1. If the chain between residue 64 and residue 5 were fully stretched, how many nm would it gain, using 0.36 nm times the residue separation less the Cα-Cα distance?
2. When the chain is fully extended, how far beyond the present Cα-Cα distance does residue 73 get from residue 24, taking 0.36 nm per residue of separation?
3. What fraction, in whole percent, of alpha-carbon pairs in region 3-65 exceed 15 Å separation?
């Protein structure tokens, strides 16, 4: 039982005593006080709910920060994720846009594809050079 509930119960007892002795002025003032305390109780409940929501947001931000510290980025849209002596490649597109850690599939060499967003990229420092004048390219494949 909260202190506000205890105070409300006590006020109800005092209000009934005031009615018994037929003092309408005290009875009305006690009823107004009871209403104010009930409003205070509602505001207190709202503050508690807001506090819980803010705690969840802080926990989420902390979790994101922890994950971010485990990510090793490169020039491509693929990153190395390290945690608990394990490492795997993740899609930075999914992480940056939705904060989802999606493990990518290796297609060849240092090239990877995300099964979630279908992002196709590489991990490392190589630079991509696309020869748009190459007649052998159909434009639908990556040139590496």
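Just so you know, all these numbers are worked out from the coordinates, no wet-lab data involved. The shown structure was predicted, so the numbers you read here are calculated from the model rather than taken from an experiment.
1. On the way: separation 59, 0.36 × 59 = 21.24 nm, distance 3.95 nm.
Answer, rounded to one decimal: 17.3 nm.
2. On the way: separation 49, 0.36 × 49 = 17.64 nm, distance 7.47 nm.
Between residue 73 and residue 24, full extension yields an extra 10.2 nm.
3. Values: 1213 of 1953 pairs.
That tail contains 62 percent of the Cα-Cα pairs.
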